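K.L.:
I'd like to ask you about the structure that follows.
The values are calculated or read from the model by the stated rules, or taken from the named source; none is laboratory data. As the structure is a computational prediction, the values presented were derived from the model and not from experiment. Positions of Cβ are backbone-derived with ideal geometry, glycine not excepted, and every protein chain shown enters the neighbour counts. Heads up: the accessible areas ignore ligands, DNA and RNA and are worked out on the full protein's heavy atoms, side chains in. Shrake-Rupley method; radii C 1.70, N 1.55, O 1.52, S 1.80 Å.
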Amino acid sequence: MKQRSFAKTAFLMGVIILASKLMGLARDVLTARAFGTTDYAIAYETASKLPLTIFDFVLGGVVTSAFIPIYNSISVKNGKKQAVSFLSSYINLILLITLAITAFGEIFAPLLVKFIAPELSEATASLSVSLTRIMFPMVIFVGLAFSFVGFLQSEGEYNLPAVISLVSNVIMCTYLLTLSDKFGVTGLAVAMLVGWIMQALVQLPTAVKKGLKYSPKSRINTPEITRAAKNTIPILLATWTTPLCSLINTRIASGIENGRAITALGYANKLYIIIVGLFSFVATNLLFPYFSKSAAEGNRDESDRLTRTSIKTLAFIIAPISVGVTTLAEPFISLIYENGSFTHSDTLLTAEALRCYAVGMIFSAVTEILTKAFFAAEDNKKPMYSAAIAMVVNILLVAVFGDRLTTGGVALVTSAVAAVNMVLNLAFAIKTGLVSTRKNDIWDIIKSVVCAMAMGAVIAVFAHFVPLNSRISALLLPTLVGVIAYAILAAVTKSSEMAMLIDFVKSKFKRGERAE
């Protein structure tokens, strides 16, 4: 892919994802305004976690991560017709598994709610069971949606897969603005189900145009499906860290602040995902098919270059964001959520969680890049080992600190686990030659982190000495000061990413002058 075309695709994809994330933020703000951290919110947060958490445990990243490398390999070696035949068989396999998951969830919903949140009151648990049964069928459409995503990305279509969550967020926001007062949290669960149905359906016309020919009679006992199945267990284990942390967090949080910690962690985690996801999603979902094609063609140098560049760029962007969010967590949460049923007490609790989640932002983003690089090379055992060790660390930390964990402590455990996972993945990647180590790259990453920490100090001093009388100014003015400080520090330390950004702006300015 030519550099200009790649940059244009990344930019367009970033704009779409930004719009989707902003709509997701609007959804969360409206949810917080309507339900705050009440029993309705606790029941909904618990119930909405169950279908997706079980999906993540049974399929998770397998849907796209097992599909894309094999599809690209078949397409390169045997042609698109055979690759599309594999897609049809793969969809049948995903449908079979997700139907089984849905049946399991509908039958055992009461036990699942009791397991994930044992400290909930009887009334809240009962409501959570009802909401869980409404939402469990969405697992089927999650599987279909991600199957279509894998196919479209393999065929070079990135914008539509990036826009699907925007569709579901619009549906949920529309419900919260128009029907929430009438149908309450039950209607919100239905809206979430409809949103996932649309995430699958909206991709279907383009998938058909790209060559999708689905047949319910397509066999699932083919050599290609067997090959995908062999990759399943290591990929699953490699992606279990997040759902396991979510499960453990919810169990612990159900006994903190009378269950309010569940919603505080939920609101904070959604913000965390919006911030990290905007950048890591673009990088991993845009690069993964190219990682796969490079692996199929035996071009390790290109894969190495893309991996190193992605890690450096993410460090340059996410390091200051992580520090900024940690420093300004309280005004950030107050401005976004504090309204209606969401009180100042809720703000303090959620800010505590966000502050501790933010510590792990850079670790999670880099892990996403490294994991996708491993999956593309069909070297699935390394990230599996990393994830397994990280999960053991998670369990040990919870066992050691147990009842002493506060809302922030639960989030901090998640960040610590993310750090362990990243360090292990990076060590494996370097050892196996998946990514090379170069002094300039290491130095650039160090510069980004040091500049971000210095920026945090500037923000803290400014916020302490400058009187800020409104929630908007309490967030925006320190943020503006932080951006300026980071830009100056990055330029003074001669960060290569900052130099590239300056050159890009200069080229655009000169092009504008020539146009005049």
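K.L.:
A 30 angstrom limit on the alpha carbon distance is what I want to check against. Which of 270/372; 21/182; 21/77; 81/312; 209/381 exceed it?
P.N.:
21/77; 81/312; 209/381
K.L.:
Per residue of the chain, what 222 nm ellipticity follows from adding -39500 (n - 2.57) for every DSSP H run with n ≥ 4, rounded to the nearest 500?
P.N.:
-29000 deg cm²/dmol
K.L.:
Once Rh is set to the Kirkwood radius over Cα pairs, what Stokes-Einstein translational diffusion coefficient, in µm²/s, holds for the chain at a temperature of 37 °C and a viscosity of 0.692 mPa s?
P.N.:
D, rounded to a whole number, is 138 µm²/s.
K.L.:
Cα centroid distance between region 67-118 and region 245-259, in Å?
P.N.:
29
K.L.:
Compute, for the chain, the length of the dipole vector about the Cα centre, with Cβ point charges of +1 (Lys, Arg) and -1 (Asp, Glu) only. Units Debye, rounded to 20.
P.N.:
For the chain, the charge dipole is close to 1720 debye.
K.L.:
Turning to a different aspect of this structure: Run a plain Debye calculation on region 364-409 (Cα atoms as equal point scatterers, no solvent) and give log10 I(q)/I(0) at q = 0.17, 0.20, 0.32 Å⁻¹, rounded to two decimals, same order as the q list.
P.N.:
The Cα Debye sum returns log10 ratios of -0.62, -0.72, -1.08.
K.L.:
I'd like the carbon and sulfur percentage of the solvent accessible area for the chain, probe radius 1.4 Å, heavy atoms only, ligands and nucleic acids excluded.
P.N.:
The computed percentage sits at 66.
K.L.:
Ignoring ligands, DNA and RNA, how do 344, 464 rank by accessible area with a 1.4 Å probe, largest first?
P.N.:
Largest to smallest exposure gives the sequence 464, 344.
K.L.:
Hey, with R₀ at 25 Å, roughly what FRET efficiency would residue 496 and residue 22 work out to, going by the Cβ-Cβ distance, to 0.05?
P.N.:
0.25
K.L.:
By the scheme Lys and Arg +1, Asp and Glu -1, what is the net charge of all other residues having a beta-carbon under 11 Å from that of residue 406?
P.N.:
-2
K.L.:
Grab the other residues whose beta carbon is less than 11 angstrom from that of residue 351, score K and R as +1, D and E as -1, and report the net.
P.N.:
In short, -3.
K.L.:
For residue 431 and residue 114, calculate 0.36 nm times their separation in residues minus their Cα-Cα distance, and state this gained length in nm to one decimal.
P.N.:
109.8 nm
K.L.:
Using a cut-off of 11 Å between beta-carbons, work out the net charge of the residues near residue 428 (Lys and Arg +1, Asp and Glu -1, residue 428 not included).
P.N.:
+2
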